[in-house]
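Read through the structure below, which is laid out as structure tokens, and then see the notes.
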Amino acid sequence: MSTTNHGEYFIPEPSKWPVIGTIALVTTVIGAVHTIHAGELNWLLPIGFLLIAYLFFGWFGAVIDESMGGHYNAQVDKSFRIGMLWFIFSEVMFFAAFFGALFYARVFALDWLGGGGNNAATHEYLWPAFNAIWPVLSNPDNTKFAPPAEAMGASGLPAFNTAVLLASSVTVTIAHHGLRANHRKPLIIWLAITVALGVSFLFLQAEEYMHAYEQMGLTLDSGIYGSTFFMLTGFHGFHVTMGTTMLLVMLIRSIKGHFTSDNHFAFEAVAWYWHFVDVVWLGLYIFVYWL
Amino acid sequence: MSAVIEEHHDHHDHKPTGIGRWLFSTNHKDIGTMYLWFSFIMFFIGGALALVIRAELFEPGLQFVEPELFNQLTTLHGLIMVFGVIMPAFVGLANWMIPMMIGAPDMALPRMNNWSFWLLPGAFGLLIASLVMSLMGMGSAPNFGWTFYAPLSTTYGPASTDYFIFSVHMMGISSIMGAINIIATIMNMRAPGMTYMKMPIFVWTWFITAYLLIAVMPVLAGVVTMMLTDRHFGTSFFNAAGGGDPVLFQHVFWFFGHPEVYIMILPSFGIISQIVPTFARKKIFGYSSMVYATASIAFLSFIVWAHHMFTTGMPVAGELFFMYATMLIAVPTGVKVFNWVSTMWRGSLSFETPMLFAIAFIFLFTIGGFTGLMLCIVPADFQYHDTYFVVAHFHYVLVTGAAFGIMAGVYYWIPKWTGNMYDETLGKWHFWLSVISVNVLFFPMHFLGLAGMPRRIPDYSLQFAEFNAVASIGAFVFGFTQLIFLYNVIKTARGKTSVKATSQVWEGAEGLEWTLPSPAPFHSFTTPPQVK
């Protein structure tokens, strides 16, 4: 605590952004429900998204202005670091829920449906034809949930995508070293490469999805295998999209010269986030694609 | 006395005016006030639903509401009380007190703080709108109980379930941001010399609660997301026909749900740990054991979730593990209860309203803890499960536990917030009527449950009639008694009481918050105090 300068507490002025954030989310939610139910207010959904975009531009813009204006002291910087760290932890727990569902289905639910444990009667009376094999290529009730024709392999495109994402974690670190050494050129070049890798990953992931839907019959509604596959990789892909967008903003800010070698928390926060997305992918690659 | 001198401090404050002061606030006290009023309003809405339930249950047969509406009432009552009353009240108290207790000017992230609050009216607006529309004959509100088990909430859930899902998402965002803010404040804003082991226990309990929130609210978001995709996008997480399992829902839900029940009690432990030493005029007995006990309870809360599911079907090894792990929680909780009692031992006790609520808390929460121990015994739980015994248990820990803790905290700190002493006579009336009626209300439910009355039913067999009538009488007395509380709070806030509060307020109180004038200045500590 002694390193913090307590003489200059920073407390932001009253701000309109939180209320705009609430209006944006309520609008989005009402629009989303009406879109799902084909209701009259479905036009609220795009408006909600626009409001969220406005919120991000406005709120982060205000923070960038304050930061550039030199209003932040070491204490604010530390609060931001703590905030980002625990935000990432909350994201880890969000993925943990879906990984937990995957493990539960693979270890318990399918085994019991197949007659494991003391569930011989369950198997006999519900779906006696069902065999508990992962990946599930024949669901307990194939009329309700059409099973996939084949499972997603781990080699080929997914393996290449793993390399892409791992490489991007390295390149963002090289860019960070450039920033810390005040070398603008390597910072911008390596950050641009990172963004390009992120975009490539997303492009390849979209390829994989199309292949799954069109050639393999593997869809979101093809039973627990498709459910876990698409929800886990889908949420990961969404996070990569967010991360790539954030990296792009950092690239633009780097080109504008917003960062100095000792004051670039925004860059670091995005780098942390990017490493987090990378680690989640490793878990996905091992447990969804490989094992 | 000192209040007169400290009036001058207020002139330095530049308070924003009008509605903008509240909408755009970055002030921990204003945001805390909004949280507390929001919670209070929700308390009366949720309470009104409870009174309709108790009116229906006053005698056997269907009197006032159809079974379909009854299910919606129990669901909304639970959701409102858990997410709209207890949790926001705790966050409101944290907002008000943590910066003052650790010697900070405000919360670490004030704008995010305001967003955390303003998400709640949005979320509950959506939820309560579904009930209002149901009463107007347009569809059904959520009707699957506050635990929203699949397939009741997936295959059979009404259309409004989707509003419920998104409102839970918004509550989750609010709680996570609030928790991050509290952690950043405590880790980063403490005054020089305020080491972790010098922090007031209330700060400690909230610190640990915030970690629980960050760990489990995302899991809740995950489970409602799975519900959403199961309902509309063809996934089969909770559908055995596609290889999923409805029991998976219960596991994921209770992985959130059990830490959640400690989220709803740990800050009350903290409040009681502030109040008991003040009115015993002694230091808290076993400060460090209090901290470690809180941390132990938090850790154990992650490995006991399936004790809510003993009758659902689980391997015997699982039942045993969750039974023994649950029993372990009695150890740190017992440490706390004994510490409170030891703090009072040979103290110079006085019995102002906060202390009365604190003592009632210790007695009645302990009863709720004991019935919890009964419920955790697997073979016994097979008998108690889904009966009124469970209802009695969790109302003892949530009403006479969490809510009494909040009421104690409000009486204890309201002189600091408003600069006025509350009306002690009204406070005593509020306490005695509450503590008697709440036992008339909930104690008979133990007998009903042991005799086999199931929960969540609008009608029941004749042999349950007497105790239900008694409980309903208790419910109405308890409900209307809370109007005394409301009146007392308003009277104090508007300065209609005769006694002005000093900065010390309570003779035996210790801590930085009591060094500030009453009412506390708009920005708590603009220069950090030195803690020795």
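The values are calculated or read from the model by the stated rules, or taken from the named source; none is laboratory data. All values reported here derive from a predicted model rather than from experimental measurement. FYI the Cβ positions are ideal-geometry reconstructions off the backbone, even for glycines, and counts take in every protein chain you see. Calculation scope for accessible area: heavy atoms of the full protein, side chains included, ligands and nucleic acids excluded. Shrake-Rupley method; radii C 1.70, N 1.55, O 1.52, S 1.80 Å.
Just a few scattered comments:
- Looking across the stretch B:18-32, the residues that are in a helix (DSSP H, G or I) and in contact with a helix residue (DSSP H, G or I) (Cβ under 7 Å, 6 or more places away or on another chain) come down to B:21, B:22, B:23, B:28, B:29, B:30, B:31, B:32.
- Taking the numbered list (1) open to solvent by less than 40 Å² (accessible area, probe 1.4 Å); (2) among the aromatic types (Phe, Trp, Tyr); (3) closer than 24 Å to residue B:426 by Cα; (4) assigned to a helix (DSSP H, G or I) in turn, residue B:506 passes all entries but (4).
- Residue that is farthest from the other protein chains (Cβ to nearest Cβ) [pool: residues in the stretch A:8-50 that are within 30 Å of residue B:191 (Cβ to Cβ) and open to solvent by less than 70 Å² (accessible area, probe 1.4 Å)]: A:10
- Under the condition of being in a helix (DSSP H, G or I) and open to solvent by 20 Å² or more (accessible area, probe 1.4 Å), the residues counted in the stretch B:376-385 number 5.
- Sole exception among (1) at pLDDT below 95; (2) under 29 Å from residue A:281 (Cβ atoms) for residue A:72, by number: (2)
- Of residues in the stretch B:338-370 being in a loop (DSSP other than H, G, I, E, B) and of a type outside the set (A, V, I, L, M, F, W, C), the one most open to solvent (accessible area, probe 1.4 Å): B:346
- Residue match in the stretch B:181-191 (condition: surrounded by fewer than 24 Cβ atoms within 10 Å (Cβ to Cβ), farther than 26 Å from residue B:127 by Cβ and more than 7 Å from chain A (Cβ to nearest Cβ)): yes
- Residue check, residue A:257 at positive phi and open to solvent by less than 20 Å² (accessible area, probe 1.4 Å): no
- Only one of the numbered conditions (1) surrounded by 18 or more Cβ atoms within 10 Å (Cβ to Cβ); (2) more than 8 Å from chain A (Cβ to nearest Cβ); (3) at pLDDT 95 or above is violated by residue B:147, and that is (1).
- Selection of helices (runs of 4 or more DSSP H) fully inside the stretch B:215-314 by the criterion of at least 2 residues being of a type in the set (Ser, Thr, Tyr) and away from chain A (no Cβ under 14 Å) returns B:266-280, B:287-300.
- Among the conditions (1) without any contact (Cβ under 8 Å) to a residue 40 or more places away in the chain; (2) more than 20 Å from residue B:162 (Cα to Cα); (3) assigned by TED's automatic domain parsing to the domain that holds residue A:233, the only one that residue A:54 does not satisfy is (3).
- Number of the condition not met by residue A:82 [criteria: (1) among the aliphatic types (A, V, I, L, M); (2) within 30 Å of residue B:188 (Cα to Cα); (3) more than 9 Å from every other protein chain (Cβ to nearest Cβ)]: (3)
- Under the condition of being of a type in the set (Val, Ile, Thr), surrounded by fewer than 16 Cβ atoms within 10 Å (Cβ to Cβ) and facing chain B (nearest Cβ under 9 Å), the residues counted in the stretch A:132-152 number 1.
- Residue pairs whose Cβ atoms lie under 9 Å apart, separated by 6 or more positions or on different chains, with the first residue in the stretch A:136-165 and on the phi > 0 side of the Ramachandran plot and the second part of a loop (DSSP other than H, G, I, E, B), do not occur.
- Checking each residue in the stretch B:96-112 for being among the hydrophobic types (A, V, I, L, M, F, W, C), open to solvent by 10 Å² or more (accessible area, probe 1.4 Å) and over 22 Å from the mean Cα position of the chain (by Cα) picks out B:108, B:109.
- Residue list for the stretch B:386-399, restricted to those being open to solvent by less than 40 Å² (accessible area, probe 1.4 Å) and either more than 28 Å from residue B:431 (Cβ to Cβ) or outside any helix (DSSP H, G or I) (or both): B:387
- Of all residues making up the stretch B:194-249, the number that are at positive phi and surrounded by fewer than 24 Cβ atoms within 10 Å (Cβ to Cβ): 1
- Selection over the stretch B:40-95 of residues that are outside any helix (DSSP H, G or I) and open to solvent by 40 Å² or more (accessible area, probe 1.4 Å) gives a count of 6.
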